[in-house]
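Presented below is the structure to which this report refers.
The values are calculated or read from the model by the stated rules, or taken from the named source; none is laboratory data. Bear in mind that the values here come from a model prediction, so they are computed numbers and not experimental data. Cβ placement follows ideal geometry from the backbone for every residue including glycine, while neighbour counts extend to all protein chains displayed.
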Amino acid sequence: MPTAFITGVTGQDGSYLAELLLDKGYRVIGMVRRSSTVNFERIAHVQDRIEFVNADLLDEVSIIEALRETEPDEVYNLAAQSFVQTSFGQPVLTGETTALGVTRMLDAIRIVDPSIRFYQASSSEMFGKVAEVPQRESTPFHPRSPYGVAKVYGHWITVNYRESYGLHASSGILFNHESPRRGLEFVTRKISHAAAKIALGRADELRLGNLDAQRDWGFAGDYVDAMWRMLQQDSPDDYVVCTGESHSVREFVDLAFKRVNLDYDDYVVVDERFFRPAEVDLLIGDSTKAEDVLGWQRRTGFDALVADMVDADIALLEGKLRAIS
Ligand code: NAP
Ligand code: F7E
């Protein structure tokens with residue numbers, strides 16, 4: 001039974017990855033940081049099958065101890081300060097966690113057991129002001145936020161530890177992926193939750209920023225399978241994971257409101273507070289390499305994703321779901 005060590009196990013992707021690996025028969029270790037309240041909403045349904053270990057990306061000794069104690073075969077580094085808007089207000093914290101945190105993980109692996117396979121959660125935000133359309137593994141990076149800059153560092157330090165120390169370290173350049181477990185501040189979940197609230201008569205407006213931004217949105221449950229596949233390869237490498245389709249925020253909001261038989265124009269207010277100092281206008285990826293080498297394929301289309309998210313928020317608000325899991 002292989003052992004997987006997941007940082008960010010309490011996050012959206014961590015919860016889907018933990019489920020996938022448990023189903024495959026892995027022993028799953030979840031690395032969690034100390035907090036004043038338990039924060040296991042997304043993993044409550046599998047909590048009893050996960051072993052938890054305390055450590056923080058900001059503290060290398062804690063990571064070394066956690067790896068020594070649990071002896072994993074594979075490490076999935078999903079932990080990060082992952083919200084782009086927050087990275088403008090907290091750029092140093094974002095750098096410490098999302099950039100230097102990757103070095104701490106890699107160094108801990110190098111010290112404890114260099115045979116551990118490593119996955120780094122890289123991001124399409126690294127492409128930022130895109131140099132070509134669609135974006136693929138060879139597309140140059142031009143990040144547009146402290147988050148994007150931190151992810152570029154995380155990507156290159158992963159490549160560097162692979163080249164310097166021979167680590168089996170792979171970087172998954174994942175485009176936006178969403179689900180009913182997405183944090184409420186990200187635009188898709190903000191929209192699905194607001195559409196549900198308005199439909200149930202519990203809110204009467206939704207304030208958004210740039211409706212014209214375009215994203216390549218997939219389903220998170222499909223994307224964690226690509227992470228696992230990367231670590232099963234004989235050699236480490238970098239892969240773009242995406243749907244190859246792009247939609248605007250406006251299209252997302254239109255579809256979400258139509259799902260509850262409403263016209264978004266009657267409820268959406270454009271609010272300057274949600275605009276960013278620098279925007280990523282258009283993302284659309286090409287995942288040919290992941291499909292050819294990993295045999296990865298996405299299963300969920302855009303319309304189904306929007307419908308699932310709105311339906312789950314209706315059920316949550318009506319009390320039919322205790323938590324999104
Ligand atoms: P998320 O829901 O925001 O989860 C982030 C996780 O990181 C949480 O479990 C959080 O723990 C943990 N964390 C934050 N700071 C930490 C620290 N100092 N020490 C230990 N853990 C810490 O993110 P996600 O959407 O699942 O994304 C997973 C990863 O993929 C992230 O690295 C993200 O940047 C990257 N990514 C995401 C997407 C996407 O579209 N979702 C696309 C490309 C790349 P708490 O619960 O304690 O806060
Ligand atoms: O914004 C626009 C906003 O915050 C998407 C993270 O998982 O994916 C995510 O980053 C777009 C942007 O995600 C609002 O300006 C309009 O253009 O949902 P988001 P993101 O910034 O694309 C990448 C791949 C990651 O790696 C990140 O970790 O939507 N937008 N109005 C808004 N965005 C938000 N959040 N709120 C609004 O009201």
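Of note:
- The residue that is nearest to Pro2 (Cα to Cα), counting only those in region 92-136 that are within 15 Å of the chain's Cα centre (by Cα), assigned to a strand (DSSP E or B) and not polar (S, T, N, Q), is Tyr119.
- Filter pass, Ser87 being part of a loop (DSSP other than H, G, I, E, B) and of a type in the set (Ser, Thr, Tyr): no
- Near pairs, Cβ below 8 angstrom, 6+ apart or cross-chain, from region 1-16 (within 12 Å of Ser82 (Cβ to Cβ)) to any residue that is within 15 Å of ligand 2 (Cβ to nearest atom) and of a type in the set (Phe, Trp, Tyr): Asp13/Tyr223
- Filter pass, Val253 being buried (at least 19 other Cβ atoms within 10 Å of the Cβ), assigned to a helix (DSSP H, G or I) and touching a residue at least 24 places away in the same chain (Cβ under 8 Å): yes
- Of everything listed in (1) in contact with a Gly (Cβ under 9 Å, 6 or more places away or on another chain); (2) of a type in the set (A, V, I, L, M, F, W, C); (3) within 30 Å of Arg68 (Cα to Cα), the single unmet condition for Met126 is (3).
- In region 28-46, the residues that are within 16 Å of ligand 2 (Cβ to nearest atom) reach residues that are part of a helix (DSSP H, G or I) with C-beta atoms within less than 7 angstrom, at least six apart or across chains, in these pairs: Arg42/Gln12; Arg42/Ser15.
- For Asp265, the conditions (1) over 30 Å from Ala131 (Cβ atoms); (2) in the same structural domain as Glu19 (by TED's automatic domain parsing) all hold with the exception of (2).
- Among the residues of region 1-41, those identified as of a type in the set (Ser, Thr, Tyr), more than 10 Å from ligand 1 (Cβ to nearest atom) and either closer than 23 Å to Asp113 by Cα or crowded, with 17+ Cβ neighbours inside 10 Å (or both) are Thr3, Tyr26.
- Within region 100-130, being surrounded by 22 or more Cβ atoms within 10 Å (Cβ to Cβ) and hydroxyl-bearing (Ser, Thr, Tyr) holds for Tyr119, Ser122, Ser123, Ser124.
- Filter result for the condition that a residue is assigned to a helix (DSSP H, G or I), touching a residue at least 12 places away in the same chain (Cβ under 8 Å), surrounded by fewer than 21 Cβ atoms within 10 Å (Cβ to Cβ) and more than 8 Å from ligand 2 (Cβ to nearest atom), over Tyr161, Tyr153: Tyr153
- Residues that are buried (at least 17 other Cβ atoms within 10 Å of the Cβ) and either over 11 Å from the mean Cα position of the chain (by Cα) or more than 16 Å from ligand 1 (Cβ to nearest atom) (or both) within region 182-196 comprise Val187, Thr188, Arg189, Lys190, Ile191, Ser192, His193, Ala194, Ala195, Ala196, listed in sequence order.
- Checklist (1) in contact with a helix residue (DSSP H, G or I) (Cβ under 9 Å, 6 or more places away or on another chain); (2) part of a loop (DSSP other than H, G, I, E, B) applied to Pro140, failing item: (1)
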